[in-house]
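The values are calculated or read from the model by the stated rules, or taken from the named source; none is laboratory data. These figures come from a predicted structure and were not determined experimentally. With ideal geometry, Cβ positions are generated from the backbone for all residues, glycine too; neighbour counts draw on all protein chains shown. We work out accessible area using only protein heavy atoms, side chains counted, and drop any ligands, DNA or RNA first. Shrake-Rupley method; radii C 1.70, N 1.55, O 1.52, S 1.80 Å.
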Amino acid sequence: MDLGQTVVNHTTPRRCGPYARLHCGANITSQAPRYSCFVRWRSIMQLNDYDPGDFYDELFIAPGKPRLEAIPLIERLCNLSPTELKRRHEAAQIALFKLGVTFNVYSDNQGSERILPFDIIPRIVAMDAWQKLDTGLKQRIQALNLFLADIYGNQKILNDRIIPRELIESASGYLPACQGLKPPGDIWCHITGTDLVRDRQGEWFVLEDNLRCPSGVSYVLENRRVMKSSFPVVFDMMKIQPVEEYPNYLLETLLNLASPAISDPTVVVLTPGMYNSAYFEHSFLAQQMGVELVEGRDLVVVDGYVKMRTTKGLKRVDVIYRRIDDLFIDPLVFRSDSALGVPGLMEVYRSGKVAIANALGTGVADDKVIYAYVPEMIRYYLGEEPILANVPTYLCWEPKQQSHVLANLDKLVVKAADESGGYGMLVGPHSTAAEQASFAEKIKAHPRKYIAQPTLSLSRVPTLLGDRYTGCHVDLRPYVLYGKDIYVNPGGLTRVALKPGSLVVNSSQGGGSKDTWVV
Amino acid sequence: MLSRVADSIYWLNRYVERAENIARFIDVNLMLLLDALPDAAQQWEPLVLTTGDLPLFQERYGEATADNVIRFLTFDTSYPNSILSCLRSARENARSVREIISSEMWEQVNAFYLMVNEADQSRYVMELSDFFHQVKLSSHLFAGVMDATMTHNEGWHFGQIGRRLERADKTARILDVKYFILLPSLRYVGSMLDNIQWMALLKSASAYEMYRKRGGHRLCPTAIAEFLILDPEFPRSIRFCVTQVERSLHEIMGTPIGTWSTTIERTLGKLRTDLDYLTIEDIIQSGLHENLDDLQLRMNLVGGAIGETFFAFESPSMAISA
């Protein structure tokens, strides 16, 4: 049969090996202008039409005048022809779709998925501004963590009357079942995704703390991966802080929760399943950390431990990174109709035989009425002045503040205290008289349920819409991990409102995302 | 490995293999249509018969014309074993274990699904041949990608078990149905039509060329049955598949072949040994159809026992969005 080998098989030729490519890359870099003639791009590119307008623009000070930290990027953008830029923009979308960085729009047997629209023009945060955010976020998370330990412990802050007790007890995120809980190291909020915004003057404000199961970090990592292949030259020129270490820090944070007596702890990511809108992220994080992704039906409580069903029998689980809301996690304690959770989990958690991140009950601090007290918490627990400001917040349960809100419904943003994701809110300046009247009724009927804030003029970033650059409003969600120390991932998810003029950046409301560069 | 994950990898592979086999069956039959043969040779009903879903087909489509059968087996989304439904299920299974399988596997199964889903269903069926070719290639590509990019660990072996069991089952079914139809037609024996039909059977199992090469060369019904059931080296023969399944099972269990600690090892071991020591004469003597029926039954038992031993968990409950 064998007629003898006539073809000589070669190993891969060396000439085109990695060194050749490296050399090639260096050539491209040396051809790219480094901070060269500013004038040149003005004549070439449409970015010179771009008008930052009467807003704080993250890339431009004035028309044709980029911020110092954005100059290398703008120069590069201007050296690319509009067609080329458009091509890269489209290539980036395709890359994200192929990577499967998708969220589910609705669930049916078609498995319908969409990518979060991605804009190729990044948002840049200068290092000095970032350092302030970094220390401010650490301070805030530390205070919030002390607050959670206190609320489910001795309740000093309530006994000292800094926060009225009835506000806590009426908060929908407050779980009496967690009273007396002692999570490992007394850490409650291991993973936080704080929403920040900037006003017309460029001042930073905290909009929401998101201490339950903040999502979106997978976009940060995948957007960065795509951006690196879209703008390798810019990355080479600018010293952009890397975000890629997040999964390592996350794994460390989780391992830190296991009892030191366990030599090789088993960590799992608990997902509601593949029809959940953030399923891609759950799967992605499990993969990046090399741990099992489990559903509630994979776990079972046996002999006082949480175990997972494997092909080799039951295996003990030590740390659960849960991406299921508190109320669904154990049908014996919380919602009895939940099929997503694990019956008996709470009992094991109480006994300390399994650790859960984030701890149960953290949602109490996400209540927008409680949020208003965070600056007080920082002063109370840390004896410091807050580094990051809250958005001024009017509490409708206080009669004086309520009448101010009712008199100014056309100017304020009214939000339900226990909702997020852009639901249940009234944006005063964009609302009709009828909508305002209906909200006024709701506020009067349930004052505890509503807060109001001034309409902020959010900062903007030029964004490619069609063939033009349009200034679009953005917010920023950096991710903070609380393990042995507090770590702030340098970057974060910049969400952008893709409808011109819109202030709502949530993905459920037509928002998109941008890469965030700390330089 | 999580039971649910093992279950998904197993089914992912079964569905991909199933789609490939259906595509091959249809394609071979389509090719026959192009030859000038008597109408008696236009056998579309047996194709549905191989799937075991003939009553369902008759209820929905009535007459087994080429058009009806192809639409039913290829694009009918309400029929769970159509090519499109298989790919949809394969993809859903893959999606639920994306962090376990390699990204290349996911991309391939996703692209495979999109290719089938976006195929122009309105085309004249005679023009679908290149589509079926694509389906076969995509399945081979998936198997190759899985082999080359995924660690050959427990999960990989569950995948292999799924693929081989499905393949053995399909070989048994096509042989059973075709043999049954071809054998009574004594008036055709040795005729051109007869030979073409036997060639078609071999091609349905991608076995034509390999059969010719194995020595003996001539198309002889007994030798064809022997090749498809008992050949130790042809990758679609029942014996070959069952031997591979047993190997993967023992890799998973960490036990030597020939020993057993669970019912599944014993059930499978008995099946494999029977195939090792049977001759085609034994099989013909006790009835080919009866033997093939029995093989299918025993392979189903193996499939069931694998489910009970490794995948058993509470039935998936209704998802409530959190």
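Computed quantities for the displayed model
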| item | result |
| --- | --- |
| Amide proton proximity set for A:Ile120, modelled H, under 5 Å, gap of 5+ | A:Leu464 |
| Contact order normalised by residue count of the stretch B:1-150, Cα under 8 Å, 6+ apart, percent | 32 |
| Rounded percent of accessible protein surface that carbon and sulfur make up, the stretch B:1-150, 1.4 Å probe | 51 |
| Longest site-free stretch - chain A; sites: chymotrypsin sites (Phe, Trp or Tyr not before Pro), DSSP loop, at most 12 other Cβ within 10 Å | A:107-422 |
| The protein assembly as shown - accessible surface per residue (Å², probe 1.4 Å) | 43 |
| Protein-protein interface of the stretch A:254-278, residues with accessible area decrease of at least 40 Å², isolated chain reference, 1.4 Å probe | A:Met274 |
| Convex hull volume of the stretch B:152-313 per residue (C-alpha atoms, cubic angstrom) | 116 |
| Share of Cα-Cα pairs in chain B lying beyond 26 Å, as whole percent | 49 |
| Sulfur and carbon atoms: percent of accessible area, chain A [1.4 Å] | 53 |
| Area of A:Met127 that stays accessible when all protein chains are in place (1.4 Å probe, Å², to 10) | 60 |
| The stretch A:325-386 versus the stretch A:422-496: alpha-carbon centroid distance in Å | 23 |
| For B:Glu17, net neighbour charge (Lys/Arg +1, Asp/Glu -1) across residues whose Cβ lies under 10 Å away | +3 |
| Residues whose placed amide H lies under 5 Å from that of A:Thr266, excluding near-sequence neighbours | A:Asp318, A:Val319 |
| Computed magnitude of the charge dipole of the protein assembly as shown (debye, nearest 20; Cβ of K, R +1, Cβ of D, E -1) | 1660 |
| Order by protection proxy (mean Cβ within 10 Å, highest first), peptides B:11-18, A:138-145, B:129-136, A:354-361 | B:11-18, A:354-361, A:138-145, B:129-136 |
| Fraction of beta bridges assigned by DSSP in chain A that are antiparallel (%, nearest 5) | 70 |
| Reachable aspartates and glutamates from B:Lys213, criterion Cα separation under 13 angstrom, eight or more residues apart if same chain | B:Asp231, B:Glu233 |
| Stokes-Einstein D in µm²/s, Kirkwood radius over Cα pairs - the stretch A:389-434 at 4 °C with 1.567 mPa s viscosity | 113 |
| Computed lengthening from A:Asn408 to A:Lys499, 0.36 nm per intervening residue step minus Cα-Cα distance | 30.2 nm |
| Sites B:His217 and B:His140 - FRET efficiency at Förster radius 25 Å, r taken between beta-carbons, to 0.05 | 0.40 |
| Proximal charge balance of B:Val97 [Cβ under 11 Å; K/R count +1, D/E count -1] | -1 |
| Local electrostatic count, B:Thr50, Cβ distance below 15 Å [Lys/Arg +1, Asp/Glu -1] | -1 |
| Viscosity 1.002 mPa s, 20 °C: Kirkwood-radius Stokes-Einstein D of the protein assembly as shown over Cα pairs, µm²/s | 69 |
| Calculated from backbone phi, Karplus (6.51, -1.76, 1.60) coupling profile of the stretch A:265-270 in Hz, x at Gly/Pro | x, 9, 9, 10, 9, 9 |
| Cα-based Rg of the stretch A:229-345 normalised by 2.2 N^0.38 Å, two decimals | 1.30 |
| Shielding score for B:87-100, defined as the mean number of other chain Cβ atoms within 10 Å | 4 |
| Given A:Lys86/B:Lys136; A:Lys312/A:Lys484; B:Lys170/B:Lys270; A:Lys156/A:Lys368; A:Lys368/A:Lys442, the pairs whose alpha carbons are separated by over 26 Å | A:Lys86/B:Lys136; A:Lys312/A:Lys484 |
| Viscosity 0.890 mPa s, temperature 25 °C, Stokes-Einstein D of the stretch B:74-226 from Kirkwood C-alpha radius, µm²/s | 137 |
| Ratio of Rg to Rh over the stretch B:1-150 (Cα coordinates, Kirkwood Rh, two decimals) | 1.01 |
| Where GluC sites (Glu not before Pro) fall in DSSP loop in the stretch A:405-456, at most 16 other Cβ within 10 Å | A:Glu419 |
